[in-house]
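Worksheet: one structure, shown below.
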Amino acid sequence: MLVVMNSHATEKDIQRVALFIESKGFKTLISHGEARTVVHAIGVKDEVDQRDFELLHGVDEVIRLSTNYKLAARASQGKDTIVEVNGVKFGDKYTGLIAGPCTIESYDQMDETAQELAESNVKIIRGGAFKPRTSPYAFQGLGEEGLKIIRSVADNHGMAVTSEIMEVSQLEIFEKYVDILQVGARNMQNFNLLKELGHAHKPVILKRGLSSTYEEWLMSAEYIMAGGNNQVILCERGIRTFEKYTRNTLDLTAIPVIKKLSHLPIIVDPSHATGLRDKVEPMSRAAVAAGCDGLIIEVHYDPDRAVCDGAQSLYPWQYDLLYKQIKQIAPIVGKEII
């Protein structure tokens, strides 16, 4: 339930309303917007007469939400959430870009890739330090040493860092080295991790699970937001279907659907979705044309020698060409790439 305050409501009015809501057994969260302040009544309770709230001083209207994701729902705030990192914006009219290799292999590999990407105006670099792999015998990443490498390289090139966190115990070291915490598809419903990320003071990229519905995805975002962290970026990375030609099936329908259901920004990972280098570029263009709020793309300076996922990684020259193409596409759909 959302209690929307009118434009004349004072801070005392807002706090009085919050206390009254809490007396009814709800938790509260106050969102201050440019045009209005909303007091969120969070919790599942028996029937409550909303007139009790409508009559409180300073209240404009009370909105009952039919969804279980209260904070992530579009109705919970009047405008799109914008997440900004290192001058890159995701959400509303902005389409942010993230690029880098699948995994951190060495300092030289990261530095050479970052140098190439910097020429294409990349300001956020990705790279896995802990790799959740299907096979226990596959390369599992460099761990904390990898995070030190990507942090050092990013600092040298004026970039921010995003990397995938796998479990709660890693949060302390990730907060030292990483600017955007990334939750992979396999951990989308790792609720203990999501709860802890709700207390983190960094943006979170939440990837959609392999077989997850839109509602399940938004409910996972709700776990993070319920902890107080509203800086959530949803990431469509393909779902598992019967088709085996591509690694996954990229569901671009998620872009308009999520934009209708939620105010959170949604970005697309065409690399993991397709698994094929020659499919990454057309699907990136299609995602921007559909109005996505960002792309996260795998790029390696020498993908043929990559430790993992070389087949889905672009060469730097391919990324540069793609960057120029999507810069032209974005304005057509009212978006801006900085």
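Structural remarks
- The set of residues in region 51-68 that are farther than 14 Å from HIS40 by Cβ and touching a Lys or Arg at 6+ places or on another chain (Cβ under 9 Å) comprises ASP52, LEU56, HIS57, GLY58, ASP60.
- Here is the figure for region 144-159: residues that are within 22 Å of the chain's Cα centre (by Cα) and assigned to a loop (DSSP other than H, G, I, E, B) total 2.
- Any chance THR10 is at pLDDT 85 or above, more than 30 Å from VAL307 (Cβ to Cβ), over 31 Å from the mean Cα position of the chain (by Cα) and not assigned by TED's automatic domain parsing to the domain that holds GLY127: yes
- Here THR162 fulfils each of the conditions (1) closer than 30 Å to ALA75 by Cβ; (2) assigned to a loop (DSSP other than H, G, I, E, B) apart from (2).
- Residue check, GLY100 in contact (Cβ under 8 Å) with a residue 24 or more places away in the chain, farther than 28 Å from PRO256 by Cα, touching a helix residue (DSSP H, G or I) at 6+ places or on another chain (Cβ under 7 Å) and of a type outside the set (A, V, I, L, M, F, W, C): no
- Meets criteria (touching a Phe, Trp or Tyr at 6+ places or on another chain (Cβ under 9 Å) and surrounded by fewer than 16 Cβ atoms within 10 Å (Cβ to Cβ)) for VAL299: no
- Selected residue (criterion: nearest to GLY91 (Cα to Cα)) from residues of region 179-236 that are without any contact (Cβ under 8 Å) to a residue 40 or more places away in the chain and of a type in the set (S, T, N, Q): ASN229
- The residues in region 284-325 that are farther than 16 Å from GLU236 by Cβ and either of a type outside the set (Val, Ile, Thr) or outside any loop (DSSP other than H, G, I, E, B) (or both) can be counted, and the count is 25.
- Taking region 308-338 as the range and being β-branched (Val, Ile, Thr) and surrounded by 19 or more Cβ atoms within 10 Å (Cβ to Cβ) as the test, the residues that pass are ILE326, ILE337.
- Of the numbered criteria (1) out of contact with any helix residue (DSSP H, G or I) (no Cβ under 6 Å at 6 or more places or on another chain); (2) surrounded by fewer than 23 Cβ atoms within 10 Å (Cβ to Cβ); (3) hydroxyl-bearing (Ser, Thr, Tyr), the one SER163 fails is (2).
- Hey, GLY141 on the phi > 0 side of the Ramachandran plot, crowded, with 19+ Cβ neighbours inside 10 Å and assigned to a loop (DSSP other than H, G, I, E, B) or not: yes
- Whether a residue is closer than 26 Å to GLN325 by Cβ, part of a strand (DSSP E or B), touching a helix residue (DSSP H, G or I) at 6+ places or on another chain (Cβ under 9 Å) and modelled with pLDDT of 95 or more was assessed, and LEU117 does not pass this test.
- Strands (runs of 3 or more DSSP E) wholly inside region 27-109 that include at least 2 residues being in the same structural domain as ASP13 (by TED's automatic domain parsing), at pLDDT below 85 and buried (at least 20 other Cβ atoms within 10 Å of the Cβ): 37-42
The values are calculated or read from the model by the stated rules, or taken from the named source; none is laboratory data. None of the values given here were measured: they were computed from a predicted structure. All Cβ positions, even for glycine, are placed from backbone atoms using ideal geometry, and neighbour counts span all protein chains on display.
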